[in-house]
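Below you'll find the structure, written out as structure tokens, and then a few comments.
The values are calculated or read from the model by the stated rules, or taken from the named source; none is laboratory data. Here the structure is a predicted model, which means the values were calculated and not measured. Note: ideal-geometry Cβ built from the backbone for every residue, glycine included; neighbour counts use all protein chains shown. To get the accessible areas, we keep the full protein, side chains included, count just its heavy atoms, and leave off ligands, DNA and RNA. Shrake-Rupley method; radii C 1.70, N 1.55, O 1.52, S 1.80 Å.
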Amino acid sequence: MSTSVEETFDVVVVGGGPGGSSAAGLIVKQGHRVLLLEKEKFPRYQIGESLLPATVHGVCGLLGVSDEIDAQGFTPKAGGTFRWGSSPEPWSFVFALSPKLAGPTSKAYQVERMKFDDILLKHAAKLGVDVREECAVTKVLETGDRVSGVEYTDEHGIKRIAHARYVIDASGNRSRINNHVGGERVYSDFFRNIALFGYFEGGERLPEPNSGNIFCEAFSDGWFWYIPLADNLTSVGAVVSRDRASAVQGDQVQALEKLIAKAPRISKMLDGVKRVTEGTYGEVRVRKDYSYLNTRFWKPGMVLIGDAACFIDPVFSSGVHLATYSALLAARSINSVFAGEFDEETCFEEFEKRYRREYHVFYEFLVSFYETHTDIDSYYWSAKKVNRTSDSELECFLDLVGGVASGETAFVSADATRERLQKAAEALDNGANIVSANGGDDALPLYKSEVIGNLMDQSVEVQAQAAFGSEYESEAPLFAGGLIGSPDGLRWARPVD
């Protein structure tokens, strides 16, 4: 006789990271019954500490958790700073100089993922998601050709079964339940990299107004990230290609120290700074072969989001962005099917096309960005090439690294949009002044070009049209005959002719 406990839900989400929590929250907001299963107990450690504006003000805004994130006191991130390319001096970018990011949404945060992920998971529970931690999924259930639920073991070791119309796999890169959608995981031949990283008790900060920026430095064996998480905590990691794997073999602590010594600016910023040696951040960790793409993202009854579907490279912090963006797309698709507005094939075709497009835009750009001996203008040109829009090179670069290259109008709420439109011109002016104040070698060449003048001359209405179409609700489809986001951002809709 079976001792399993069986329950029925509309949706089961596997994984409580940013993707899973976001998808669950966006679906439960439409009145559906959602179970979220997380195998660990939060808060728990996770890598990936640098966010993009599209996540902070877009998906988190739709969830209604942006204010709580802002109140946490995370380090504000106005852009990024790089010692990369043919220029011997660092150069910076500022999110505020993109019309799509100007105003209150022109910043992101450097976050401790333990805290950030815990906020999102607890918020999902507040919204009505049935969140169950320390619950490990052991089997995906199928009825015919359709996924129909999961089998899992709860925190007391009791075997349970959860039936559902949809299962969302947000379980990350190590889980293998993604196999149930069919296809295979294809690893990138280009990004066969290894990351070696640890945490330090503070460290030098960039001069204002860039003190909260992520700093990346290319060096002989690869490149470093340097993320100011708090005044007394900095995440530092080296990314090297597989043909330099010998640099990270053996004692990991010594290997990281040797790599730091090869990166002159990172070495200077950490001069005299102790590495954290106890607690959650006391370990030097390794990640390898982390760039991959699944050949299928969904099948009837199941959909992959976040790292369960794909991951590229940490250089522009795209991991959490792709996770939360795919969560939004999946939630829209499921909500629309439940509402009877579109059939499953139509909804998930839109999901997969948009998700793959976002992945490939970042992938193509990052391939060009790894040409570390080219000049800065070439990086802008590469961003424009992969975006395939008429916007300037600078705008394309900023939109891509800010996570808004998709043209997704739901990345801001209606209220935030109105506020942005009122402040856009002022924010652009402030952004130009910020760069001007930096001056010298730290200013991007294009900031001094006619691009800035053209942006400053645009009216607030023109900026709104460039970002959202003629009205907030009138987003253009990304694909011929495709769908757009509904006015509330939670479902799909047909474009208005």
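In table form, for the structure just shown:
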| read-out | value |
| --- | --- |
| FRET efficiency, 1/(1 + (r/R0)^6) with R0 35 Å, evaluated for GLU68 and LYS262 via beta carbons | 0.30 |
| Separation of the GLU6 and SER220 label points, Cα + 7 Å toward Cβ, nm | 6.5 nm |
| Heavy-atom accessible surface of the range 170-219: percent carbon and sulfur, 1.4 Å | 46 percent |
| Positive-end extreme of charge dipole, the range 1-131 - chosen from PHE82, VAL56, GLY15 (charges on Cβ) | PHE82 |
| Förster radius 25 Å - calculated FRET efficiency between THR295 and LYS159, Cβ distance, rounded to 0.05 | 0.20 |
| Length added when fully stretched, LYS115-ARG146, from 0.36 nm per residue minus Cα-Cα | 7.5 nm |
| Sparse-neighbourhood loop sites, trypsin sites (Lys or Arg not before Pro) in the range 138-239 - DSSP loop, at most 15 other Cβ within 10 angstrom | ARG174, ARG176, ARG192 |
| Carbon and sulfur %, accessible surface of the range 1-157 computed with the full protein complex present, 1.4 Å | 47 percent |
| Ellipsoid semi-axes in whole angstrom, largest first, where each is sqrt(5λ) of the Cα gyration tensor of the range 1-135 | 35, 17, 12 |
